[in-house]
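What follows is a set of notes on a single structure, which appears directly below.
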Amino acid sequence: MSGTIPRLTELAHGGGCGCKLAPAVLQQLLADQPAAQGFSQLLVGTETADDAAVWQVDENLAVMATTDFFMPMVDDPRDFGRIAATNAISDIYAMGGRPIMALAILGMPVSKLPPETVRAILQGGASICAEAGIPVAGGHSIDAPEPIYGLAVIGLIRPDQVRRNAGARAGDALILTKGIGVGIYSAAIKRQALPDGAYGEMIASTTLLNRVGAELAGDAAVHGITDVTGFGLLGHALEMARGSGLSLRIRRDRVPVLQQAAALAEAGFVTGASHRNWASYGSGVELPEGCPDWQRALLTDPQTSGGLLIACAPEAAEAVVERIRAAGYPLVRQIGTAEAGPARVVVT
């Protein structure tokens, strides 16, 4: 290898969970796929776009499985590995489970990146797995035109503690554990325009494990959980609304936002995925009259390793918020309610 080593983000046409296929495209691709029927032990499959598959072993034990991988949204290889691993493990926590091991998924343009860069990516991922208390027990690698890294993760849970995105009940309070705006920050990174100090804020958020989900699963007042990733807050809220058969009402002034995200969105630092998201599911969302495009872009912004969206009994909401904050999530906030009505999201 010779010449200047390219930035990781220069090698990728997209980054983080902004690489995900748009919801409408994914729906088309899965439209004629056979349903996983006839497997009574499969507690959770693809029926409600949940975060992980769940297979019941017996009355006291279920196995969870998920996979997530993407292209870099940052140029530091160790940070890329840390973010990707945190994001992949989140799918287990988002359903109330506890991860037990991971397998690495790696695709690298080996002619363009030196071995030490790839090692740093793997080391970053392994460091997050160690923080979660799990081993990287193996994996698979290929020579690919763009850098790709992620994990397949296995977890365990009691069947009665599985929390789904379809579990919200009418009257529930909606809680979000992290600030949004990660995709906007990544768009600024791509153009080398992220303000000073914002990078550290983004890394702190995207490498914060959602382990509180495993703790909340034992609380009967917590009815539904999902994580907010590539489809943005509105997209994953709409999945919860459709899975639960309810309307979700979100107050935009209550949604936690990364410090520079609103200003950057207003300045035009918006990902293409944000626009694709809105084109895919905007018909299921009601925005307030006169909502500016940049605010809509923020609500549809693809989150990489985003927070948990939680539906809980209204009388328990304050206690649940304080419990989450005490667990290390400073931006946690109640952002809305679930109510009887057509499956949609209403922003006020």
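Residue-wise test of (1) out of contact with any Pro (no Cβ under 7 Å at 6 or more places or on another chain); (2) farther than 25 Å from G16 by Cα; (3) in a loop (DSSP other than H, G, I, E, B); (4) modelled with pLDDT of 95 or more.
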| position | (1), (2), (3), (4) |
| --- | --- |
| A262 | yes, no, no, yes |
| H275 | yes, no, no, no |
| S280 | no, no, no, no |
| G290 | yes, yes, yes, no |
| Q295 | yes, no, no, yes |
| E315 | yes, yes, no, yes |
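If the condition is being part of a helix (DSSP H, G or I) and either surrounded by fewer than 20 Cβ atoms within 10 Å (Cβ to Cβ) or of a type outside the set (A, V, I, L, M, F, W, C) (or both), then region 110-121 contributes P115, E116, T117, V118, R119, A120. Exactly one residue among T66, T46, T117 is polar (S, T, N, Q), closer than 26 Å to G167 by Cβ, in contact (Cβ under 8 Å) with a residue 12 or more places away in the chain and touching a helix residue (DSSP H, G or I) at 6+ places or on another chain (Cβ under 6 Å), and that residue is T66. Being at pLDDT below 80, surrounded by 18 or more Cβ atoms within 10 Å (Cβ to Cβ), on the phi < 0 side of the Ramachandran plot and not in a loop (DSSP other than H, G, I, E, B) is the filter here; which residues of region 1-47 pass it? Once the filter is applied, which keeps residues that are at pLDDT below 80, surrounded by 18 or more Cβ atoms within 10 Å (Cβ to Cβ), on the phi < 0 side of the Ramachandran plot and not in a loop (DSSP other than H, G, I, E, B), region 1-47 yields C17, G18, C19, P23. Of note, R242 does not satisfy the criterion of being at negative phi, outside any helix (DSSP H, G or I), buried (at least 18 other Cβ atoms within 10 Å of the Cβ) and of a type in the set (K, R). Comparison of R98, R78 shows that the only residue that is farther than 22 Å from P6 by Cβ, surrounded by fewer than 24 Cβ atoms within 10 Å (Cβ to Cβ) and touching a helix residue (DSSP H, G or I) at 6+ places or on another chain (Cβ under 8 Å) is R98.
Return yes when L248 is under 21 Å from H13 (Cβ atoms), crowded, with 16+ Cβ neighbours inside 10 Å and of a type in the set (A, V, I, L, M, F, W, C) and no when it is not. Outline the logic, then answer.
On the way: under 21 Å from H13 (Cβ atoms): no; crowded, with 16+ Cβ neighbours inside 10 Å: yes; of a type in the set (A, V, I, L, M, F, W, C): yes.
Spelling it out, it is not the case that L248 is under 21 Å from H13 (Cβ atoms), crowded, with 16+ Cβ neighbours inside 10 Å and of a type in the set (A, V, I, L, M, F, W, C).
Scanning region 151-158 turns up one or more residues that are surrounded by 24 or more Cβ atoms within 10 Å (Cβ to Cβ), within 27 Å of N277 (Cβ to Cβ), at pLDDT 95 or above and assigned by TED's automatic domain parsing to the domain that holds T48.
If you scan region 195-216, which residues turn out to be closer than 15 Å to Q259 by Cα, crowded, with 23+ Cβ neighbours inside 10 Å and of a type in the set (A, V, I, L, M, F, W, C)? Steps first, please.
Looking only at region 195-216, we keep the residues that are closer than 15 Å to Q259 by Cα, and these are 195-206.
Then drop every residue that is not crowded, with 23+ Cβ neighbours inside 10 Å, which leaves 202, 205-206.
Hit for region 195-216 is M202, nothing else.
In the set A220, A204, A130, which member is assigned to a helix (DSSP H, G or I), within 21 Å of E322 (Cα to Cα) and free of Cβ contacts under 8 Å to residues at least 24 places away in the same chain? Outline the logic, then answer.
On the way: A220 fails: assigned to a helix (DSSP H, G or I); A130 fails: within 21 Å of E322 (Cα to Cα).
Exactly one of A220, A204, A130 is assigned to a helix (DSSP H, G or I), within 21 Å of E322 (Cα to Cα) and free of Cβ contacts under 8 Å to residues at least 24 places away in the same chain, namely A204.
Looking only at residues in region 169-194 that are over 18 Å from the mean Cα position of the chain (by Cα) and under 22 Å from R254 (Cα atoms), the one that is surrounded by the most Cβ atoms within 10 Å (Cβ to Cβ) is D172.
Scanning region 130-143 for residues that are touching a Gly at 6+ places or on another chain (Cβ under 8 Å) and either modelled with pLDDT under 95 or β-branched (V, I, T) (or both) yields a total of 2. Of the numbered criteria (1) modelled with pLDDT of 85 or more; (2) among the aliphatic types (A, V, I, L, M); (3) in a loop (DSSP other than H, G, I, E, B), the one V54 fails is (3).
Residue count for region 161-201 under the criterion of being over 23 Å from E318 (Cβ atoms) and outside any loop (DSSP other than H, G, I, E, B): the result is 13.
The values are calculated or read from the model by the stated rules, or taken from the named source; none is laboratory data. Here the structure is a predicted model, which means the values were calculated and not measured. Every residue, glycine among them, receives a Cβ derived from its backbone with ideal geometry; neighbour counts consider all protein chains shown.
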